[in-house]
Every structure is written in structure tokens, then in C-alpha cells.
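Trainee: The structure under discussion is supplied below as C-alpha cells; questions concerning it will follow.
Derivation of every value follows stated rules applied to the coordinates shown; laboratory data play no part. Remember, it's a predicted structure, so these values are computed and weren't measured experimentally. Backbone-built Cβ (ideal geometry, glycine too); neighbour counts: all protein chains shown.
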């Protein structure tokens, strides 16, 4: 079903975002997923925004999130302190990603004005 596909896509993209740079992940994963998005009749703009939101969330997700390592280095703080400080923001991002994924009108209404 479409909802199951989106759920698996969210999990997969978050995992990929934890392990890879966002731009590299887009180059590797997009050609594999876009045909499935077409099969499930997902708007390409919506799918692209789902990709970016999930990959960014993965980039921030402890313990592997690369942005956390960069913040730890930049501000000379221990990793545990950076992770603890980022958890409230991470919760907000998770809610945002779920809204983006399961309420497509949030991401497609503005581009729809130009059709």
C-alpha cells in the first residue's frame, strides 16, 4: 500500500541520511526510488521534499549524524552534550517529517498554484 511504502521510505532514507552525505545519497537513492513513487502515484515534488526532509533528519540523528560531529568539533563541546541539546529539536523535526510525508497538500499546494 501507499502508506506502507511511505513508512518504509522514511525509515530507509533516515538510515541512509545517517550514513551518507545528503548529495551523495540523492545521487545513489533517487534513481532506485522514483520508479516506485510513480507506481504508488506519489507527486514527484512531494517525493523530492520527502527525500530532503528525511535525509536531513538522518544527518542529525544520533549517534551517527554527521552534523552532530561537526557541531561538537566547531563548538568544542563533548558529543554527549551536543546530542542532549539536539534532542528537542530532533523531536520537532520528526513531527515535521511525518507531516510532510503523510499530508501531501502541505508540500504540493504552492507548486499547484503555478499549474
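Trainee: Relative contact order for region 2-109: what is it in percent, counting Cα pairs under 8 Å that are at least 6 residues apart?
Mentor: 30 percent
Trainee: Same structure again: At residue 72 and residue 32, where each label point lies 7 Å from the Cα along Cα→Cβ, what is the point-to-point distance in nanometres?
Mentor: Placing both labels 7 Å along Cα→Cβ, they lie 2.7 nm apart.
Trainee: Taking the alpha-carbon set of region 63-115, what are its Rg and Dmax in Å?
Mentor: Cα only, region 63-115: 16.3, 49 Å (Rg, Dmax).
Trainee: To the nearest 10 degrees, how steep is helix 2-19 against the longest Cα principal axis of the chain, on a 0 to 90 scale?
Mentor: 30 degrees
Trainee: Sort 19-30, 54-65 by packing, meaning the average of other beta carbons within 10 Å per residue, with the highest value first.
Mentor: Details: 19-30: 14.2, 54-65: 19.5.
Ranked by mean Cβ neighbours within 10 Å, highest first: 54-65, 19-30.
Trainee: Counting only helical runs of four or more DSSP H residues, what would the 222 nm mean residue ellipticity of the chain come to if each run contributes -39,500 (n - 2.57) and the total is spread over all its residues?
Mentor: -27000 deg cm²/dmol
Trainee: Further question: If I fit a long axis through the Cα atoms of helix 79-102 and take the longest principal axis of the Cα atoms of the chain, what angle between them do I get, 0 to 90°, rounded to 10?
Mentor: The two axes meet at around 10 degrees.
Trainee: What length, rounded to one decimal in nm, is gained on full extension from residue 43 through to residue 91, with 0.36 nm per residue of separation minus their alpha-carbon distance?
Mentor: Gain on stretching residue 43 to residue 91: 14.7 nm.
Trainee: Show log10 I(q)/I(0) for the chain at q = 0.19, 0.23 Å⁻¹, two decimals, from a solvent-free Debye sum over equal Cα scatterers.
Mentor: -0.98, -1.26
Trainee: Expressed as a whole number of Å, what is the distance separating the alpha-carbon centroids of region 49-115 and region 1-45?
Mentor: Taking the Cα centre of each part, region 1-45 and region 49-115 sit 15 Å apart.
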